[in-house]
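Data first, discussion second: the structure below is written as structure tokens.
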């Protein structure tokens, strides 16, 4: 058997229902045609939600931060919860596009573009929250390192400054990664458009005139590899830095060395769940059953299972450490998670993240797209509540009894949180209509290569 | 490109025909060859004899510059106005590792992107050259330029591998 023929066997199992390269272009590029009623309905809903976000934030900017429920002792509420939630969501995109690329996981091709777009828009959503939380958002430039009027520089020992560097780097890198990967696929969209049309010209411009020459592919492949190698440690570092926003403070329930790996596992857990939540409707609406097979969903479910188990283990470890430390405030913080004033949040977290994912051990569940969709939504809810539990229960009950308090999110805060989901959906819905949401060129790498009859005959021998 | 050179663009449905054409052309002394492919096909790169890519140098230099900048910046700002906070040393190197690390990644990626665009020779928006729009859909293509008297030999080699389309390019300027 010649080496070419062996190669042509590749991936015949991953996408058995795709017949030819050309079919991929037809199936994926039809997603960029005229949108249907469902898309307009969802887009209208998302636009209305963005309106809610704009109204709530505008109101808060004019009236002041007093519109929120934030006060001493709970100075971080649902804004920071939602910030951490969206940064976490962002993580699986780069995991799928970079880490699974380095590990040569053959199932990543179908989902990675959607996951990467999700990453970019999730970071864009997360990035709003520090600004919203600032109150006086017009001073947002204070976040960046420049000497102020007294020639003082920011304190680089502060994890909040690290966070600025980590999140802006992550946004830049994941956007560039997405755009680089898009070039050949935008060129495919261009070649399908009528020459001379506006669509053709826009795609020609945004593909930077990509022609798919050997030189382009050679350097593209290498650059992709190096970017993946750089993005891999970046993914792990960004959520570690976010976790240090908490772990560096001596607040009971926060000050633990387990935080970085615990947050990274949680981020990937929630991110993969979000990929499932997004790809199930896309698959259904655009008829992509041949591209997103049960094999892909099975693999994503397994990834959820692994990271979910790490998260559950981290919960238990935290409890053990609190008990073993012998520190009364530490023990109280963890008791409060399930039996304090916010017991309901703690139980939602444990049920959604610790118990429901146990179902993923069963193959029948992993092979049922509907079941996975429902479970993924539970995981998303659970992971939001995990951050709420960590932030609010700890801050409301620190060391000094006279400084204990409670926190209740206000209508403005809830409006902004709900609006952030709409803001994310707004960009994601636009993206899947403008740029190919499935990687056309990379998918062909795992399809059998077309061989002439003589080569096929040689292979059969 | 020399003006008395002309080009031939042959499109193929099959990968093996493409690889065979490239090998035969190279074996007969044609070295101005550009191959077009719908995805990064390593068989074509091998047939064309590619080695390493200079992009890796961009990545390395960018990454090292970033790490150095990160350390230099944090150390400079701490020394610019020495102020003890939290009883920590003025130069808290472990904390600066985080900044230097992020800057290493950022500069490394930016340099890689610049390097890859430079080496891929894009943006390149000219549309006047011969090009087969079916390539992004799944075809492979071989483009070869040669002096007028040798063009016939190249045509014979390309035709022997049954191209679906064979175009002549009088300008000979479609190399990528």
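None of the figures in this text is laboratory data; all of them are computed from the coordinates on show. Not measured: the values here are computed from a predicted model. Cβ sites come from the backbone with ideal geometry, for glycine too, and all protein chains shown count toward neighbours.
With the simple spin-label model, which puts each label point 7 Å out from Cα in the Cβ direction, the residue A:40 to residue A:257 separation comes to 6.0 nm. Across the alpha-carbon atoms of the range B:1-124, the computed radius of gyration and Dmax are 24.4, 76 angstrom.
Equivalent-ellipsoid semi-axes for the range A:351-446 (Cα gyration tensor, √(5λ), whole Å, largest first): 36, 22, 12.
Treating r as the C-beta distance of residue A:142 and residue A:317 and R0 as 35 Å, the FRET efficiency rounds to 0.40.
Note on chain A: helix-only mean residue ellipticity at 222 nm, from DSSP H runs of 4+ residues weighted -39500 (n - 2.57) and normalised by residue number, equals -22000 deg cm²/dmol. P(r) tail, the protein assembly as shown: Cα-Cα pairs separated by more than 51 Å, 17% of all pairs. Length gained on full extension, residue A:131 to residue A:363, computed as 0.36 nm times the residue gap minus the Cα-Cα distance: 79.2 nm. Listed by Cβ neighbour count within 10 Å, with the fewest neighbours leading, A:34, A:433 appear as A:34, A:433. Taking the C-alpha atoms only, the angle from helix B:148-160 to the longest principal axis of chain B is near 90 degrees. Which residues among the range A:327-358 fall inside the zone where the amide N is under 18 Å from a point 7 Å beyond the Cα of residue A:374, along Cα→Cβ? Counting backbone N atoms under 18 Å from the label point, the list is A:351-358. Compared with the dominant Cα axis of chain A, that is its longest principal axis, helix A:411-434 is turned about 10°. Residue exposure proxy: A:352, A:304, ordered by other Cβ atoms within 10 angstrom of their Cβ from fewest to most, comes out as A:352, A:304. Here the relative contact order of chain A, from alpha carbon pairs under 8 Å that lie six or more residues apart, stands at 34 percent.
Spacing of the modelled spin labels on residue A:104 and residue B:80, each 7 Å from Cα toward Cβ, amounts to 4.8 nm. Under the definition of partner shielding as Cβ atoms of other protein chains within 10 Å of a residue Cβ, what is the mean value for peptide A:188-199? Rounded to a whole number, the mean comes out at 2. Per residue, the Cα convex hull of the range B:86-176 amounts to 185 Å³. Among B:57, B:106, B:91, the residue with the largest mean-square fluctuation in a Gaussian network model of chain B, with springs joining Cα atoms closer than 10 Å, is B:91. In terms of its C-alpha gyration tensor, the range A:169-311 has a prolate overall shape, because the principal axis ratio a/c (a ≥ b ≥ c, square roots of the eigenvalues) is not below 1.5 and a/b outweighs b/c. With one equal scatterer per alpha carbon and no solvent term, the Debye-computed log10 I(q)/I(0) for the range A:374-428 at 0.14, 0.30 1/Å reads -0.55, -1.13. Taken along the Cα-to-beta-carbon direction at a fixed 7 Å, the label points for residue A:151 and residue A:433 span 5.5 nm.
Using the Cβ-Cβ distance between residue B:23 and residue A:202 with R0 = 41 Å, the FRET efficiency computed as 1/(1 + (r/R0)^6) comes to roughly 0.60. For the range A:106-220, the percent of C-alpha pairs falling in each 10 Å distance bin, counted from 0 to the bin holding the largest distance, reads 11, 27, 26, 19, 14, 2. With only the Cα atoms considered, the range A:256-349 has a convex hull volume of 96 Å³ per residue. Taking only alpha carbon atoms, the range A:172-227 gives an Rg to Rh ratio of 1.02, where Rh is the Kirkwood radius.
With contacts taken as Cα pairs under 8 Å at a separation of at least 6 residues, the range A:227-386 carries a relative contact order of 27 percent. Here the range A:322-399 has an Rg and Dmax of 15.4, 48 Å, counting Cα atoms alone. With distances taken between every two different alpha-carbon atoms, the range A:18-150 has a Kirkwood hydrodynamic radius of 18.5 Å. Taking other C-beta atoms within 10 angstrom as a stand-in for reagent exposure, A:214, B:149, B:171 fall in the order B:149, B:171, A:214, fewest first. Sum -39500 (n - 2.57) across every DSSP H segment of at least 4 residues in chain B, then divide by the residue count to get the 222 nm mean residue ellipticity, nearest 500. Here the helix-only value at 222 nm equals -16500 deg cm²/dmol. Largest first, the three principal axis extents of the alpha carbons in the range A:271-429 are 61, 38, 18 Å in whole numbers. Under the criterion of Cα pairs below 8 Å and six or more residues apart, the relative contact order for chain B equals 53 percent. For chain A, the longest principal axis of the Cα atoms and the long axis of helix A:214-247 meet at an angle of about 20 degrees.
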